[in-house]
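J.: Quick one: this structure, given as structure tokens, is what I'll be asking you about.
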Amino acid sequence: MSTPRTVAVPTGRYGPWFALIWLFFLGDPLLAAWARRDEAAGVGGLVVTVLFASLYMLIWWQARRERWMADRTPPPAQALGLFVGLVTLCAADVALLGEVGMACVVYVAISGVLLFRPVVAAALVVLAVVGSLGLGALEDWGSQAGLAFAVLAGSVAIFGVRALISRNAQLLLAQAENAELAVENERTRFARDLHDILGHSLTVITVKAELARRLLESGDDADRARALGEVGDLERLGRDALADVRRAVEGYREITLPGEIARARTALAAADVEASLPGTVDDVPSDLRDLFAWTVREGVTNVVRHAAARRCTVTVDTRAVEVRDDGRGWDEGGSAGGHGLAGLRERAAAVGATVVVRSLDPGLSLRVGREAS
């Protein structure tokens with residue numbers, strides 16, 4: 001079961017400061033309490049209003065720090081505790097200061113939007129509107145329509161902010177997933193290319209090392225001299241493989257069709273496979289040369305590694321390249337579904353070509369081209 005992804009969503013550095021600015025609506029309760037500072041209700045009103053404003057700002061700071069607006073809400077116990085505290089202080093303010101203390105209701109409704117899921121928050125906003133209108137009528141304070149409108153306007157504004165931040169969160173999540181997918185695709189491409197590069201080189205090195213060992217074990221002076229030549233080839237091939245890997249790491253690979261045909265001649269000779277290779281490839285279109293080069297590399301590598309063939313033929317024309325052998329084929333040797341062939345199909349598709357693998361009697365044919373058959 002996969003773990004839900006999360007991303008760091010900016011919820012606004014200055015959000016709490018804007019919330020602090022809107023606290024000026026609590027100026028009326030503060031002024032009313034200050035005017036009655038010689039009374040216990042006035043002093044209590046001052047203290048309760050300050051505590052209410054402090055708790056309200058604490059909710060905003062928590063909302064920003066915990067990213068509650070990014071399609072997330074606090075744990076139910078925490079949300080309920082903060083909301084009940086705010087409601088209690090609001091009720092105390094109204095009890096101490098009367099109608100002027102009703103200004104707190106707007107902040108209570110906004111806090112409900114911050115703390116709870118949309119359905120619960122909407123119910124709390126409706127309750128705040130109905131409660132304000134009902135209490136105003138009950139206490140004969142006059143119409144509380146202005147307060148009800150302020151509750152609705154403030155709550156709708158915070159709903160909109162939450163929706164905007166939630167969409168930004170989804171967008172950032174999608175961008176993060178796309179970035180991860182791009183990295184994963186690049187890793188796959190690099191692994192495929194590295195497999196193609198090293199698979200060929202290491203196969204030739206292995207074959208030449210086995211040949212050199214056999215020659216050294218024979219004890220014949222002529223064979224020993226030939227073994228020294230093979231060891232020299234091993235050293236050269238090792239350097240070439242290292243250079244290929246470095247080019248791959250640096251982001252470019254200098255692979256050429258003539259170069260791959262030359263490599264194929266060396267590899268097939270080392271494996272004691274009779275080779276029939278084209279003498280020139282000048283007529284191959286530029287957009288197919290890299291694809292044909294990879295085809296020769298992949299096809300010859302599989303002939304040397306798996307086919308146990310006696311003869312290999314490579315033919316190249318302006319539309320297709322074919323690597324054909326008289327060995328046992330991939331059904332027995334087993335790499336028809338490997339990474340090299342999969343990578344070759346991807347390269348072929350990129351230039352509108354196709355890859356066709358056919359079993360022969362005996363052997364195998366690998367043909368790649370725009371009209372491969």
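J.: Where the second residue is of a type in the set (Val, Ile, Thr) and the first is over 23 Å from Gly340 (Cβ atoms) and lies in segment 170-192, which pairs have Cβ atoms under 9 Å and are six or more apart or on separate chains?
T.: Short answer, once both residue conditions are applied: Leu172/Val7; Leu172/Val9; Leu173/Thr6; Leu173/Val7; Leu173/Val9; Gln175/Val7; Ala176/Val7.
J.: Another question, then. Kindly establish whether Ala123 is out of contact with any Asp or Glu (no Cβ under 6 Å at 6 or more places or on another chain), open to solvent by less than 70 Å² (accessible area, probe 1.4 Å), over 21 Å from Leu20 (Cα atoms) and free of Cβ contacts under 8 Å to residues at least 12 places away in the same chain.
T.: Taking the combined requirement at face value, the residue satisfies it.
J.: Same structure, new question: Taking segment 126-179, which residues are surrounded by 13 or more Cβ atoms within 10 Å (Cβ to Cβ), under 21 Å from Ala95 (Cα atoms) and not aliphatic (A, V, I, L, M)?
T.: Selection gives Gly131, Ser132, Gly136, Glu139, Trp141, Gln144.
J.: Among the residues of segment 237-283, how many are assigned to a helix (DSSP H, G or I), among the acidic types (Asp, Glu) and at pLDDT 80 or above?
T.: 1
J.: If you scan segment 18-59, which residues turn out to be of a type outside the set (Gly, Ala, Ser), within 42 Å of the chain's Cα centre (by Cα) and at pLDDT 85 or above?
T.: Scanning segment 18-59 gives Leu55, Tyr56, Met57, Leu58, Ile59.
J.: Tally up the residues in segment 188-236 that are modelled with pLDDT of 80 or more, open to solvent by less than 40 Å² (accessible area, probe 1.4 Å) and of a type in the set (Lys, Arg), please.
T.: 1
J.: Another question about this same structure. For the subset of segment 67-120 comprising residues that are under 28 Å from Arg167 (Cβ atoms), touching a residue at least 12 places away in the same chain (Cβ under 8 Å) and of a type in the set (Val, Ile, Thr), which member is least open to solvent (accessible area, probe 1.4 Å)?
T.: Val113
J.: Quick check on this structure: which one of Glu332, Glu298 is modelled with pLDDT under 90 and either closer than 15 Å to Ala275 by Cβ or surrounded by fewer than 21 Cβ atoms within 10 Å (Cβ to Cβ) (or both)?
T.: Just one listed residue meets the conditions, Glu332.
J.: For segment 261-272, what are the residues that are of a type in the set (D, E, K, R) and buried (at least 23 other Cβ atoms within 10 Å of the Cβ)?
T.: None; the set is empty.
The values are calculated or read from the model by the stated rules, or taken from the named source; none is laboratory data. This structure is a prediction, so every number in the text was calculated from the model and none was measured. A quick note on method: Cβ atoms are made from the backbone with ideal geometry, for glycine too, and the neighbour counts reach across all protein chains shown. For accessibility, only protein heavy atoms count, side chains too; no ligands or nucleic acids. Shrake-Rupley method; radii C 1.70, N 1.55, O 1.52, S 1.80 Å.
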